[in-house]
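Quick notes on the structure that follows.
The values are calculated or read from the model by the stated rules, or taken from the named source; none is laboratory data. Predicted model, so just to flag it, every value in this text is computed and none were measured. With ideal geometry, Cβ positions are generated from the backbone for all residues, glycine too; neighbour counts draw on all protein chains shown. SASA here: full protein model, heavy atoms, side chains in, ligands and nucleic acids out. Shrake-Rupley method; radii C 1.70, N 1.55, O 1.52, S 1.80 Å.
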Amino acid sequence: PDLRPQEVFSSIDDVLVTANRANKGTLPPELVATVADSLASLLNGDISSTAALIDKRVPLLHEQVMKLLKERPSHDRFVYLRYLLGWPQSLEESGYVTYRNRSGPSLQVSMPLREEYVALLCENNSLGAIHELEYLPADYLDWGQAVKICAEHEVYDAAVWALHRKGDPRAALTKTEHYETSLSMKVGEHLTQRTPEDEDAVGSDVIKFVIP
């Protein structure tokens, strides 16, 4: 019978652990290459489980995984990075979360991928952006970049929160006023030439800003 995804990932993990021990604490290059060649199949099995396996055993492959995921919907990249960087309780889509026993985000993820996570968070879970950003340690992100990314995606409440996290409450107040003005102008523009779709878009923007 076919193995369940949990059994597949558990078996691969066992092989990597054994090889690591036999090779004095490092994985043989040929085994790393085998894992790299199998990434597409692993992702087809379970994205979060792949993130768990790669992060614990071959974190140098994170960049390669994300390149493969560029060919897929952005939500798949979000699922991968959310497993590594998000609150453990937000991992409801993972069928195999045995590895997630740490108390913070993965330290094996590069800064560019951390910033991509912020962008994907804004795209895929804008209403929960602040909650997810709260999980990240103060020194985990360039918060100036996080502010910029959130503002570019028009997730203004998260941008203001990130300014506070950056330690700049005065700028946060100024930006709040700026974002409120921008939203007011946007609402005014849509009211002059509005369609039902436009009204939904404006409503979404307002909700993203108002709800904490």
>> Here's a check for you: in segment 20-57, which residue that is part of a loop (DSSP other than H, G, I, E, B) and either among the hydroxyl-bearing types (Ser, Thr, Tyr) or touching a strand residue (DSSP E or B) at 6+ places or on another chain (Cβ under 7 Å) (or both) is least open to solvent (accessible area, probe 1.4 Å)?
In response: Ser38
>> Here are the criteria: (1) at pLDDT below 95; (2) buried (at least 16 other Cβ atoms within 10 Å of the Cβ); (3) not polar (S, T, N, Q). Tell me which single one Leu127 does not satisfy.
In response: (2)
> Given the structure, is Ser10 in a helix (DSSP H, G or I), open to solvent by 40 Å² or more (accessible area, probe 1.4 Å) and at pLDDT below 90?
Replying inline: yes
> Among Leu136, Leu60, Leu113, which is open to solvent by less than 30 Å² (accessible area, probe 1.4 Å), in a helix (DSSP H, G or I) and modelled with pLDDT of 95 or more?
Replying inline: Leu113
> Taking interchain pairs and intrachain pairs at least six residues apart, which have beta carbon atoms under 7 angstrom, with the first residue in segment 1-30 and under 15 Å from Ser41 (Cα atoms) and the second part of a helix (DSSP H, G or I) and of a type in the set (Ser, Thr, Tyr)?
Replying inline: Pro5/Ser49; Phe9/Ser49
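One line per residue, one yes/no per condition, for (1) surrounded by fewer than 18 Cβ atoms within 10 Å (Cβ to Cβ); (2) within 20 Å of Ser106 (Cα to Cα); (3) aliphatic (A, V, I, L, M); (4) modelled with pLDDT under 95:
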{"site": "Leu141", "(1), (2), (3), (4)": "no, yes, yes, no"}
{"site": "Glu152", "(1), (2), (3), (4)": "yes, no, no, yes"}
{"site": "Asp157", "(1), (2), (3), (4)": "no, no, no, yes"}
{"site": "Trp161", "(1), (2), (3), (4)": "no, no, no, yes"}
{"site": "His164", "(1), (2), (3), (4)": "yes, no, no, yes"}
{"site": "Pro169", "(1), (2), (3), (4)": "yes, no, no, yes"}
> Taking only pairs six or more apart or across chains, which ones have beta-carbon atoms under 8 Å, a first residue in segment 135-159 that is under 16 Å from Asn125 (Cα atoms), and a second residue that is buried (at least 20 other Cβ atoms within 10 Å of the Cβ) and of a type in the set (Ser, Thr, Tyr)?
Replying inline: Cys150/Tyr156; His153/Ser126; Val155/Ser126; Ala158/Ser126
